1. Apply the Karplus curve 6.51 cos²θ - 1.76 cosθ + 1.60, θ = phi - 60°, to the phi angles in segment 76-93 and return the couplings in whole Hz, x for Gly and Pro.
2. Might you report the magnitude of the Cβ-based charge dipole of segment 80-169 about its Cα centre, with Lys and Arg at +1 and Asp and Glu at -1, to the nearest 20 debye?
3. Going by accessible area, probe 1.4 Å, with all protein chains left in place, what is the ranking of 107, 29, largest first?
4. Measuring with a 1.4 Å probe in the full set of protein chains, what accessible area per residue, in whole Å², belongs to the chain?
5. Grab the DSSP H runs of the chain that are 4 residues or longer, score each as -39,500 (n - 2.57), total them, divide by all residues and round the 222 nm result to the nearest 500 deg cm²/dmol.
6. Out of residues 5 or more away from residue 39 or on other chains, whose amide H comes under 5 Å of its own, with H placed 1.01 Å from N in the peptide plane?
7. Rounded to the nearest 20 debye, what is the charge dipole size of the chain about its Cα centre when +1 sits on each Lys and Arg Cβ and -1 on each Asp and Glu Cβ?
8. If the only charges are +1 at each Lys and Arg Cβ and -1 at each Asp and Glu Cβ, what is the size of the charge dipole of segment 137-188 around the Cα centre, to the nearest 20 debye?
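The values are calculated or read from the model by the stated rules, or taken from the named source; none is laboratory data. Values in this document were obtained by computation on a predicted structure and should not be read as measured data. Here the Cβ is made from the backbone with ideal geometry for all residues, glycine too, and neighbour counts use every protein chain on show. What goes into the accessible areas is simple: the full protein's heavy atoms, side chains included, and nothing from ligands, DNA or RNA. Shrake-Rupley method; radii C 1.70, N 1.55, O 1.52, S 1.80 Å.
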Amino acid sequence: MAENRASEYTEGTPCWVDAQLPDVEAGKRFYGELFDWTFEDQPEQPEWPAPASRPERSVQPSPPLGTVRALLGGRPVASLAHKTDGRLPTVWTVSFATPDAEALCRRILAAGGQLVSAPRAVGELGVTALVTDPEGAVFSLWQPGERPGFGRRHERGAFTWVELYTRDTEAANTFYGGLFHDALFGKDTEPDFGRAPVSDIFPAEMPPHFLVHFAVEDLEATMADVTRLGGRVQVPPFGTSYGTVAVVSDNQGASFALLSR
């Protein structure tokens, strides 16, 4: 598909995904072979102070990112970042679009969510913030500047869906519907964001979390590639209303899903 424009991203539309990894070079080898991604280094930004506890604080510059941007056919689809603290999880994180990250942070707090990292500028590219919903599921916000988001999606090797695994789907629909009503429930909307009980495929003790899905053409062959490259299959293929899904992890333990439609 053509490069996306900022106007395509209604507030609450998934617009970016990134992985926090101990070894970015190993991640480049894994995802480069799995999805035919190529990579470009991102410029480092100046250091920034510890996150504020309130979103009203003015936007801060971002820290050194140690980030590479993943490209599919020359267009951006994801980023891989070095995990600077070993206590942090090795995860994929989804970003939702917003025209005003500070205002959305205030609404998230008012609705019972939490602020992990206050809004901060990423050079001229945009503004990001890290937040949680009331159950603790972590997600990111992206207020576009020069970079609106995905250059490709809904095709092999690119983002195609994100599923929130939660203990209370009705509460999740209320929370996210209040924040992102038009993106989820607006007229003629085709959202890329679903909600399901944790117990559907994960153990009941699994914390609520987002699971990023990438599109594949041959699910069995891609699962075999995941294993060959040092990852593993966590949940074998199962049917959903939006396609057939398998949950896997990469060679460093970051979980994601493969989706065949």
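1. Working through the residues one at a time gives x, 10, 5, 9, 10, 10, 6, 7, 7, 10, x, 7, 6, x, 8, 9, 9, 10 Hz.
2. Numbers: 10 positive and 10 negative charges, 39 e Å.
The calculation lands at about 180 debye.
3. Numbers: 107 90, 29 150 Å².
Result of the area sort, largest leading: 29, 107.
4. On the way: 11620 Å² over 261 residues.
Per-residue accessible area for the chain comes out at 45 Å².
5. Working: 5 runs with 48 residues, N = 261.
So the calculated ellipticity at 222 nm is -5500 deg cm²/dmol.
6. 71
7. Details: 22 positive and 35 negative charges, 52 e Å.
In debye, rounded to 20, the chain gives about 240.
8. On the way: 6 positive and 7 negative charges, 48 e Å.
My answer is approximately 240 debye.
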